[in-house]
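The values are calculated or read from the model by the stated rules, or taken from the named source; none is laboratory data. Treat the numbers as computed from the prediction; the structure is a model and nothing was measured. Neighbour counts run over all protein chains shown; Cβ positions are idealised from the backbone, glycine included.
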Amino acid sequence: LKQVYGVWPMPQRFTQSNERYVLNPHLFTYNYANGSAAQVGCSVLDAAFKRYFRIIFPDFSDGTGFSNTWSEPKPFTVSVSVRSGGCEEYPDEGSDESYNLSVSAGQAVLRAESVWGSLRGLESFSQLVYQDDYNSYFVNKTEIEDFPRFLFRGLLLDTSRHYLPVHFILKTLDAMAYNKFNVFHWHIVDDPSFPYQSHTYPDLSNKGAFHPVTHIYTQTDVRKVIAHARFRGIRVVPEFDSPGHTQSWGKGQPDLLTPCYKKTVPSGTFGPINPTLSSSYQFMNSLFKEVTSVFPDSFVHLGGDEVDFTCWKSNPKVQAFMTKMGFGHDYTKLQSFYMESIMNITAAFNKTSIVWQDVFDYHKRRRAQYVVEVWKRGCYLCKVRQVAKAGLKVILAAPFYLDLPGPTHDWARYYIVRPLSFKGTEQQKKLVIGGEVCMWGEYVDATNLSPRLWPRASAAAERLWSNEEQTSSVDKAFPRLQDFRCKMIRRGIQAEPLFIGYCKHEYI
Ligand SMILES: CC(=O)N[C@H]1NC[C@H](CO)[C@H](O)[C@@H]1O
């Protein structure tokens, strides 16, 4: 079987020949081509050159010395040319990740529109390098023209149901870069705990975190995650889910949540954020004033999922508010009123809101432009079609809920998803900006995060990056994914096995 030294996700155009070149780590260099808009001092690329050298030559870099005695006397240079854009910015909505890579004797020429595309090309090049049984390094003559099918390729981590140490978030960002995911959706707080340490409202984590010192994310931690992500061309989109999923908020912010009533007296339990008090909106305004300045991305996720109306219905003040507003007994109007208010708050900070599909379902008026994340099972493409017909952008998460226990060998479930197979115009299909794998934390913490994520999420990564027709066969993908899984292991990612087999370098 002709071994294809391939790339995962599959590039849009990939041709390779049997001609191959030996690489000598002593004579291997990355450099900036003349005329490249990015030159030495470009922090993102300078860091990437160092990082990828260690990834490509792991036994050379870890000090065990280069075993190959008759090393190739010829140098090999990867020359990078970036056409436009700066190196000090952040990746964002609409960043161009396209690149071309041409590997021939003694050199690889990598051309990209932006520095973000050059990172994708460096990742692809790193996957082309392989070792023979004598541990010599090789790369084959290869031509790649590549760009992502979808611009939004997300991965959600939930750091409220279980706290994830920063180290595991950074490792997940590393693995995301190997898979060309480009958005880290940080579902940072929820009912059980509030680990985000707010400088405006320190009591939110002091009283709402599992532990106010050991189970929080300080501002330094948050900045570390954002920087680590930026160096890999990954956006960080924070989610502060409300008005539901906010039990932990009430611990540090009294009077924020709606007191539930049992007949005519408070029951002592609390429900969603109280939408009848102006103090609630003042609080949300101050919190989002901080959040929108801490997180540079143009998107912010406002949640809006699974709001239980029982508590609102039981509270006499909420009932009076319903009457005053003329909402009758339709509490979806109250939820829409609340969501519209906080969407206006974040719009005032120049941010685009993402919300879960519940908000779209309740939100009769579509005045505000916002992004809908489709997550409910059932006919999720029916929902995608409905949202696109309403002229709103869509992110598809429903078929990529990796936290839910599935049958074994289930990577194929995610691989066969066809995000655009709904009846719609080309215009409507363009509104599907991408998809997202969700790793909710009810049953996940640092002990099982990586094996449960990888390589299953890699199946979604190829679906979201590659050409659908070229990647329609599960059988053809299987050996490639096994090979890629071994590469992730070699790079220190604890990716679980797909089936019987072995990796030349097992996880240690
Ligand atoms: C949008 C969304 O998914 N909301 C909840 N739905 C079930 C999930 C677990 O699979 C999480 O509990 C999540 O908080």
Starting from the stretch 91-107, keep only residues that are surrounded by 19 or more Cβ atoms within 10 Å (Cβ to Cβ), then list their pairs with residues that are at pLDDT 95 or above and among the aliphatic types (A, V, I, L, M) whose Cβ atoms are within a distance under 6 Å, requiring at least 6 positions of separation or different chains. TYR99/ALA112; LEU101/LEU110; LEU101/ILE144; VAL103/VAL139
Single residue of the stretch 294-310 satisfying the filter (of a type in the set (A, V, I, L, M, F, W, C) and farther than 17 Å from ASP191 by Cα) that is farthest from the ligand (Cβ to nearest atom): VAL294
For the stretch 191-203, enumerate the residues that are within 23 Å of the chain's Cα centre (by Cα) and in contact (Cβ under 8 Å) with a residue 60 or more places away in the chain. SER198
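In the stretch 309-320, which residues are under 18 Å from HIS363 (Cβ atoms) and without any contact (Cβ under 8 Å) to a residue 40 or more places away in the chain? Lay out the reasoning, then the answer.
First, pick out the residues of the stretch 309-320 that are under 18 Å from HIS363 (Cβ atoms): 309, 312.
Once the filter is applied, which keeps residues that are under 18 Å from HIS363 (Cβ atoms) and without any contact (Cβ under 8 Å) to a residue 40 or more places away in the chain, the stretch 309-320 yields only PHE309.
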Matching residues in the stretch 395-436 (crowded, with 19+ Cβ neighbours inside 10 Å, assigned to a loop (DSSP other than H, G, I, E, B) and more than 15 Å from the chain's Cα centre (by Cα)) number 4
Got a sec? Which of VAL265, VAL213, VAL291, VAL237 is more than 16 Å from the ligand (Cβ to nearest atom) and within 21 Å of the chain's Cα centre (by Cα)? VAL291
So in the stretch 333-362, with the set limited to residues that are over 24 Å from the mean Cα position of the chain (by Cα), within 16 Å of the ligand (Cβ to nearest atom) and surrounded by fewer than 23 Cβ atoms within 10 Å (Cβ to Cβ), which one is modelled with the lowest pLDDT? TYR362
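Please work out if ALA388 is in a loop (DSSP other than H, G, I, E, B), away from the ligand (no atom under 15 Å from the Cβ) and touching a helix residue (DSSP H, G or I) at 6+ places or on another chain (Cβ under 9 Å).
Details: in a loop (DSSP other than H, G, I, E, B): no; away from the ligand (no atom under 15 Å from the Cβ): yes; touching a helix residue (DSSP H, G or I) at 6+ places or on another chain (Cβ under 9 Å): yes.
So ALA388 does not fit the description; no.
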How about the stretch 206-239: which of its residues are over 30 Å from CYS87 (Cβ atoms) and touching a helix residue (DSSP H, G or I) at 6+ places or on another chain (Cβ under 7 Å)? ASN206, LYS207, GLY208, PRO212, ILE216
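Could you list, in sequence order, all residues of the stretch 202-221 that are surrounded by fewer than 20 Cβ atoms within 10 Å (Cβ to Cβ) and not acidic (Asp, Glu)? Spell out how you get there, then give the answer.
Start the filter on the stretch 202-221 by keeping residues that are surrounded by fewer than 20 Cβ atoms within 10 Å (Cβ to Cβ), which leaves 202-203, 206-207, 210-215, 218-221.
Answer for the stretch 202-221, where residues must be surrounded by fewer than 20 Cβ atoms within 10 Å (Cβ to Cβ) and not acidic (Asp, Glu): PRO202, ASN206, LYS207, PHE210, HIS211, PRO212, VAL213, THR214, HIS215, THR218, GLN219, THR220.
Got a sec? Which of THR352, THR323 is farther than 18 Å from GLY244 by Cα, touching a residue at least 60 places away in the same chain (Cβ under 8 Å) and of a type outside the set (A, V, I, L, M, F, W, C)?
Working: THR323 fails: touching a residue at least 60 places away in the same chain (Cβ under 8 Å).
The conditions single out THR352.
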Test set (1) closer than 25 Å to LEU156 by Cα; (2) β-branched (Val, Ile, Thr); (3) free of Cβ contacts under 8 Å to residues at least 60 places away in the same chain - THR276 fails condition number: (1)
Matching residues in the stretch 441-453 - criterion: being within 17 Å of ASP174 (Cα to Cα) and either within 10 Å of the ligand (Cβ to nearest atom) or in contact with an Asp or Glu (Cβ under 7 Å, 6 or more places away or on another chain) (or both): PRO451
Can you name the residue in the stretch 141-156 that is surrounded by 22 or more Cβ atoms within 10 Å (Cβ to Cβ) and under 30 Å from GLU442 (Cβ atoms) and, of all such residues, is nearest to the ligand (Cβ to nearest atom)? LEU156
Examine the stretch 417-436 for a residue that is in contact with a Leu (Cβ under 9 Å, 6 or more places away or on another chain), within 15 Å of the ligand (Cβ to nearest atom) and within 30 Å of HIS162 (Cβ to Cβ), and state whether such a residue exists. yes
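With respect to PHE184, determine if the residue is under 28 Å from MET488 (Cβ atoms) and in contact with a helix residue (DSSP H, G or I) (Cβ under 9 Å, 6 or more places away or on another chain). Outline the logic, then answer.
Working: under 28 Å from MET488 (Cβ atoms): yes; in contact with a helix residue (DSSP H, G or I) (Cβ under 9 Å, 6 or more places away or on another chain): yes.
In short, yes.
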Selection from the stretch 369-378 of residues part of a loop (DSSP other than H, G, I, E, B), more than 12 Å from the ligand (Cβ to nearest atom) and surrounded by 12 or more Cβ atoms within 10 Å (Cβ to Cβ) yields GLN369, TYR370
Pull up the stretch 157-186, narrow it to residues that are closer than 15 Å to VAL222 by Cα and of a type in the set (D, E, K, R), then point me to the one that is nearest to the ligand (Cβ to nearest atom). ASP158
